[in-house]
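Below is one structure; the comments refer to it alone.
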Amino acid sequence: MSEVPGGEVRGLAIFDLDDTLLDGDATGLWTEWLIQLGWITDPERYRAIWAQQMADYAAGRLDMEAHLSHLLSPLAGRTVSEVEAEVGTFLDTELLPRLYREGRERIAWHRDQGHQVVIISASTAQLVAPLAERLALDAALATRLEVKDGCYTGRAQGIRTFRDGKLAALTHWLAEHLGPDGHSLLTWGYSDSRNDLALLEFVDHPHAVCADPTLEAIATQRHWPRLRWQGYD
């Protein structure tokens, strides 16, 4: 990707959410919220499965389909409006206060440059899309949830925005929303995880943010900027 004809530079900034913009994991925090609501009836078992899946994620061997089946099961049969109401309160109470100040400042910098800003997250769309709206971002790319007759089925649909799926979702979004111009954008990418290596290798300016050990080593070897965000507003 490079400058567009005529010398005008346009940009796209791509941010991971969990442990990058957010201090913590959005789905993990949402899990605790659902436990407090009583939507998860066996918290001990649910947490144990979640903990094992997060260990698998950190090791780069997560079975995403099993993970989605587990984390979406508490929503099965619940109406979209019921879940949306809880998500709104959850975002305002739990997530927005945990966004890194430096991440918000980086988003603002990209905005000042006239760049579009997108979140791509392995957390699912019912959480990521309304958060992106609150931050006035251009798009949220996240795994969508299946809905029938106004209720969630407990299943996912479409591209799974995990590992190479993030790059597939981005490529699809670029083609759909920007057409041929999407290939002329200068791109920035921000992530903490080895699981986002394909995405970081795709962009022009990759950044490792609070990186896991594997990504930290890769970023060091390749001389990518390594950032440590820690402040809150």
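The values are calculated or read from the model by the stated rules, or taken from the named source; none is laboratory data. Everything quoted here is computed from the prediction, not taken from an experiment. Ideal geometry is used to build each Cβ from the backbone, glycine not excepted, and the neighbour counts take in all protein chains shown. Side chains included, ligands, DNA and RNA excluded: accessible areas come from the protein's heavy atoms. Shrake-Rupley method; radii C 1.70, N 1.55, O 1.52, S 1.80 Å.
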Which is the longest part of the chain that has none of the trypsin sites (Lys or Arg not before Pro) sitting in a DSSP loop with at most 10 other Cβ atoms within 10 Å? 62-227
Using a 7 Å offset from the Cα along the Cα-to-Cβ direction at both ILE49 and ALA136, what is the distance between the two label points in nm, to one decimal? 4.1 nm
P(r), alpha carbons of the stretch 110-181 - 10 Å bins starting at zero, rounded %: 19, 46, 30, 5, 0
Portion, in percent, of the accessible area of the chain that falls on carbon or sulfur, probe 1.4 Å: 48 percent
How long are the semi-axes of the equivalent ellipsoid of the stretch 99-233, defined as square roots of 5 times the Cα gyration tensor eigenvalues? Whole Å, largest first. 25, 17, 17
Is the chain best put as rounded, prolate or oblate by its Cα gyration tensor, with a ≥ b ≥ c the root eigenvalues, rounded for a/c under 1.5, and otherwise prolate when a/b is larger than b/c, oblate when not? prolate
Please give the net charge around VAL147, taking every other residue with its beta carbon less than 11 angstrom from that of VAL147, where Lys and Arg add +1 and Asp and Glu add -1. +2
Residue-averaged [θ]222 nm for the chain, counting only DSSP H segments that reach four residues, each worth -39500 (n - 2.57): -13000 deg cm²/dmol
Accessible surface, the chain, averaged per residue in Å² (probe 1.4 Å): 47 Å²
Quick check: residue separation of LEU96 and GLU146 times 0.36 nm, minus the Cα distance between them. What number comes out in nm? 15.4 nm
If each of THR171 and ALA108 carries a label point 7 Å out from its Cα toward its Cβ, how far apart are those two points in nm? 3.7 nm
In square nanometres, what is the average projected area of the Cα convex hull of the stretch 67-132? 5.4 nm²
Find the Cα radius of gyration of the stretch 19-107, compare it with 2.2 N^0.38 Å by division, and give the number to two decimals. 1.18
Calculate the length of the line joining the C-alpha centroid of the stretch 175-219 to that of the stretch 68-91, in whole Å. 29 Å
